Amino acid sequence: MAVVPKFVGERIKRREDPRLITGQATYVDDLKLVGMLSMVVVRSPHAHARLKAVRLDKARRAPGVVAVLSAEEIEGQIGTLPCGAPATHVPVHPVLAKGKVRFVGEPVAVVVADSVYRAQDAAELVEVDYEPLPAVIDMEKALSPGAPLVHEEFGTNLCHKVETPTAPFEEAALKADKVIEFRLVNQRLIPTPMEPRAAAAKWDAGMGQLTLWSSTQIPHMLRSLLCGMLQLGESKMRVIAPEVGGGFGCKLNVYPEEALVGYLARKLNRPVKWAGRRREDMAATTHGRDHVTYVKIAAKRDGTVLGVHGHFICGMGAYLHLLTPLVPGLSTLMMTGCYKIGAASFTEEMVFTNKMATDAYRGAGRPEATYMIERVMDMVASEFGLDPAEVRRKNFIPKDAFPYTTATGLVYDSGNYEPALDKALALADYRKLRAEQAAARKQGRYIGIGVSTYVEICGIGPSAILPMGRGWESGTVRVEPDCKITVLTGSSPHGQGEETSFAQLAADAFGINIDDVTVIHGDTAIVQYGIGTFGSRTLALGGAALMMSVEKVQAKMRKIASTMMEVPPEQLVFHQGTIALASDHSKAIPMAQVVEAAYGYKQPIAGVEPGLTETSFYEPVNCTYPFGTHIAVVEVDVATGQVKFLRYVAVDDCGRVINPLLVEGQVQGGIAQSIGQALYEEAVYDEQSGQLLSGTLMDYALPKADVLPHFELAGTVTPSPHNPLGVKGIGEAGTIGATPCVVNAVVDALAPFGIRHLDMPLKPEKIWRAVKAAQAKA
Amino acid sequence: MYPGAFEYHRADSVAQALSLLGRFGEQAKLLAGGQSLLPMMKLRLAEPRHLIDIGGIAGLDAINEQGGRIRIGALARHDAVASSDLLRRRLPLLAECAAEIGDLQVRNMGTLGGSLVHADPGADYPAAVLALEGEIVVEGPGGRRTLKAEQFFLDLMTTALKPAEMLVEVNFAPLSARTGGAYVKHRQPASGFALVGVAAVVGLNQGGAVERCRVGVTGLAAAPFRALAVEQALTGKTPDARSLADAASHAADGKDALSDIHASADFRAELARVHTQRALEKAVERAR
């Protein structure tokens, strides 16, 4: 018999890819149901305006139109959109604008017709009388007296404010050689997954049941939230996340269109589909980041950072989506990074503006924190003429200090930061790079070397820290009558590759081939309640739940085998498709024989029920804290401001690695998105009109393959001590570690001009202007 | 992404296309590669009632040398121009320019004629066609007429093409000996269009001085233009770092530079100067 190989730790190609790259996957927009109608959304062209009248008559008379609705028609029938995190002022968030519109792209009416073309034609016949109001776009201006109010009823644009005592920082400042102050901007970004949002629904009148398809990261949570909005019992709604073409956090939410297609399918008793176009997706899907931070650092001449204080001003947009006011809190929690900084304090102001709401975007809060503290480290190095890598080393939390409680109250589970730094420095040949940099400068070439050492939060849980107290995850293992294994995960992977990694785990546990394992997710009627895929939690939590169920099923199978083999169950192991004696693998019975006994229950076994299905719910004790060091080498053409990558080295430590290929994929994608933020991407709203000027892919610059460096990747392994798999998570690390790394590299390249800081995105013009200004001064 | 209703017509010949164009007038648009028109229709920025597909007209994509001129049919795809042996040998600047357009998908579909008549201010081709002193052949109800490239581009997305006419060919004199050309651009990172693109042609005499200098600039202003001040400044000079820099400093002279979220007018003007210098340097190097 062929030997079954081990899968965990191997570079197994993604099993999801063949169907994705041969066009055999089904996305929401691929659904074609009999009698299906198309919904098109009429959106506000104004950032801020009073809604005087919405006239639907002409649209209703257009050919093929089945229904046209505005807020009036759905009054009292669809609940408001939920915000799952506390805030002082939580505005009413209707699915269709009522009284006022507050951002460009806000839904005002919907048109349902027998084809999407006719729905679009009719949408142009909806007549809306707007009375434009002054818009408030800039966050800091929004806080100034006399600024237009996004929500008059609050009397302020300040949504929420958190302040911690500043005494520890002030004390640290007294001991410091210098207090450095600077302002930095974490610009607003548009997540832009490959597949825009989409939703479809079908009402089964006979069963009184709604099926809702959505391009979502959280099918079960979405069901709970939509059931609340549509006044349906949870057992009367089935949510299916079919193939989901990326999310990056923006599909970790509930949106007006999901509620509207659900409502309309039931009301019209016909299937209804809405597939967002790129432009509306960019305008009306949650954005990310949007922070301005005023930083103070108390530092000693030797590079020791004694304290940090941040005044964070965080853009909420016009409304609060599911986690909008929660994300900034992750920034303040992580503001000390991987450093032993005794004093940390902050003021955090969350602000309403006439823009789309922000919410989780790959990294959610941690990129902002990491960007701040990693810019701080470079500021300290440059202030005192120290090497930036050594300043970091000096401030690292020492490896014997774990679990380590930060000044902000987090407990980092494990860490060993120096080996990752050393490995990256060695890979990059850091000293030689510095020598090359010095030589290049003499020739008038501007090479910059950027270092960032990060720590972040993965495996987001436990339940106490998540909205609705749902921070756990579920997993079911079913050994089928044919001895194949089905894994049902409550997570909802949408690009991360858990159909592969979970199958690797299950295959090894049973000693079977990976092809004999099927991983199912994303359907609330099939899969037990779960939480979803976000916060780099799927492997750490979903994987742990899966392994709990593996153990339960195996315990049962051992019991059955024990009676068949007449040996105690604790002496049995799973080996090469058999259940064998641990001490002698040749004494074995095929797994299939045990499975047959469990299903063909002819001879009842004492204390063993028939069947082989087990479900588990894993509640973590803490988050996990992966870390790493990134090094970027860039060359800046100071005549044009163009930045070119020469090298990119990343050493990431995400604990135990199940599939190195998946880890590398996540790191590469994450770095690409970081490079996007550092150099290219920015949601630009016109300061006066509030129009989204970067609202298409012709104007919003995503980094493409031709601008990305060759990634030189490596890792260290520091397992999480509390996670059953020892894993930590890697979904967001690239996006967290790389952004400051790239900015540090560009600023380092410009050091000869006396430039100490530039705000992202580092567009050529910004660099050119800074250099020009520096040259004029000199 | 859902265009308004339109009627589709397929033209098998230039005559048929012109006849359809005559019949439907301003309600009609010609469809070639569709790389600009279709996105505009999907966004409903353009809503032609009649779409006349000229993509299947036989022979209109030919690239050949005839009567001492290199002739390129209106339907020649960007990728065909970029990879044409004839052009790479005889008119390498044009091939180099075509290779810089958009991405592979765009280059596989987009056409030379389509790009020129659309006249996007950031289009790459016009710079090269201007620097190479191309002649643009258009056909209308009254027959054919030939326009110099300089006469063709009038303003933002506006050309000298009349509503009932279509562009059928662009032709060029091959570059003579001791002449080099180069196209240098600063890409708008989202769209790939030229924030500024500069095409330069430099011919040297036996003594090594500049005998001929032609510079086409795109992206900077509402319409692409010949940078005459640059050309004049360099002609007769021996090309060296100083003379090239001096000449390039005139690249934006007298032009109202565009300004948008990607680059201000100042920066565009600076890019025009820097890239003019770089294009001239390359062209000189190739001429030698």
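Just so you know, all these numbers are worked out from the coordinates, no wet-lab data involved. Keep in mind that what you see is a predicted model, and the values were worked out from it rather than measured. Please note: Cβ atoms are built from the backbone with ideal geometry, for glycine as well, and neighbour counts cover all protein chains shown.
Rounded to the nearest 20 debye, the dipole size of chain B about its Cα centre is 400 debye, using +1 on the Cβ of Lys and Arg and -1 on the Cβ of Asp and Glu. Annotation for the range A:463-536 versus the range B:60-93: alpha-carbon center distance of 57 Å. Selection among B:ALA82, A:THR156, A:SER689 by position relative to the dipole of the protein assembly as shown gives B:ALA82 as farthest towards the positive end (Cβ unit charges, Cα centre). Listed by chain and number, the lysines whose C-alpha is less than 16 Å from the C-alpha of A:LYS772, apart from same-chain residues fewer than 8 away, are A:LYS763.
Residue ranges A:55-62, B:33-40, A:235-242, B:122-129 sort as B:122-129, A:235-242, B:33-40, A:55-62 when ordered by packing (mean number of other C-beta atoms within 10 Å per residue, highest first). Taking Cα centre as origin and charging only the Cβ of basic (Lys, Arg, +1) and acidic (Asp, Glu, -1) residues, the dipole magnitude of the protein assembly as shown rounds to 1260 debye.
Look at the alpha carbon pairs under 8 Å that are at least 6 residues apart: their mean separation over the length of chain B gives a relative contact order of 15 percent. Normalising the Debye intensity of the range A:314-394 to I(0), with uniform scatterers on Cα atoms only, and taking log10 at q = 0.12 Å⁻¹ returns -0.43. Taken residue by residue and averaged, Cβ atoms of other chains lying within 10 Å of the Cβ of A:107-117 number 1. For the cross-link pairs A:LYS300/A:LYS394; A:LYS296/A:LYS340; A:LYS58/A:LYS100; A:LYS484/A:LYS556; A:LYS100/A:LYS267, the ones whose C-alpha atoms lie over 18 Å apart are A:LYS58/A:LYS100; A:LYS100/A:LYS267. Here the peptides A:511-519, A:267-275 are ranked by packing, the mean other Cβ count within 10 Å, and the order with the highest first is A:267-275, A:511-519. For the peptide B:264-274, the mean number of other protein chain Cβ atoms found within 10 angstrom of a residue's Cβ is 3. How about A:LYS559: which aspartates and glutamates have a C-alpha closer than 16 Å to its C-alpha, ignoring those fewer than 8 places off in the same chain? List returned: A:GLU551, A:GLU570, A:GLU596, A:GLU609, A:GLU614. Short-range pairs are left out: with C-alpha atoms under 8 Å and at least six residues apart, the relative contact order of the range A:326-434 is 32 percent.
Between A:GLU687 and A:GLU131, the FRET efficiency from the beta-carbon distance, with R0 = 35 Å, is close to 0.95.
The distance linking the range A:409-432 with the range A:1-78 is 43 Å (Cα centroid to Cα centroid, whole angstrom). Does anyone have the angle between helix B:265-287 and the longest principal axis of chain B? Alpha-carbon axes, 0 to 90°, nearest 10? Tilt of helix B:265-287: around 70 degrees. Projecting the Cα positions of A:PRO703, A:ALA507, A:VAL244 onto the charge dipole of the protein assembly as shown (unit charges on Cβ atoms of Lys, Arg, Asp and Glu, taken about the Cα centre) puts A:PRO703 furthest along the positive direction. Peptides B:200-210, A:605-615 ranked from most to least packed, by the mean per-residue count of other Cβ atoms within 10 Å: B:200-210, A:605-615.
So what's the gap between the Cα centers of the range A:727-778 and the range B:101-151, to the nearest angstrom? Measuring centre to centre over Cα atoms gives 39 Å.
Our estimate of slack between A:GLN775 and A:LYS161, defined as 0.36 nm per intervening residue step minus the Cα-Cα distance, is 216.9 nm.
Step by step: find N for the range B:143-288, compute 2.2 N^0.38 Å, then divide the Cα radius of gyration by it. What's the final number?
1.09
Given +1 at the Cβ of Lys and Arg, -1 at the Cβ of Asp and Glu and no other charges, the dipole of the range A:660-778 around its Cα centre is 400 debye to the nearest 20. Counting Cβ atoms of other protein chains within 10 Å of each residue's Cβ and taking the mean over peptide B:186-194 gives 5. Contact order, relative form, for the range B:153-288: 28 percent (alpha carbon pairs under 8 Å, 6 or more residues apart, mean separation divided by residue count). How would you classify the protein assembly as shown from its alpha-carbon gyration tensor, with a ≥ b ≥ c the square roots of the eigenvalues: rounded for a/c under 1.5, else prolate if a/b is greater than b/c, otherwise oblate? It comes out prolate by the Cα gyration axes. Annotation: lysines with alpha-carbon distance below 18 angstrom to B:LYS29 (same-chain offsets under eight excluded): B:LYS42, B:LYS162. Taking Cβ atoms as reference points and 13 Å as the exclusive limit, the residues near B:ILE63 contribute a net charge of +1, counting Lys and Arg as +1 and Asp and Glu as -1.
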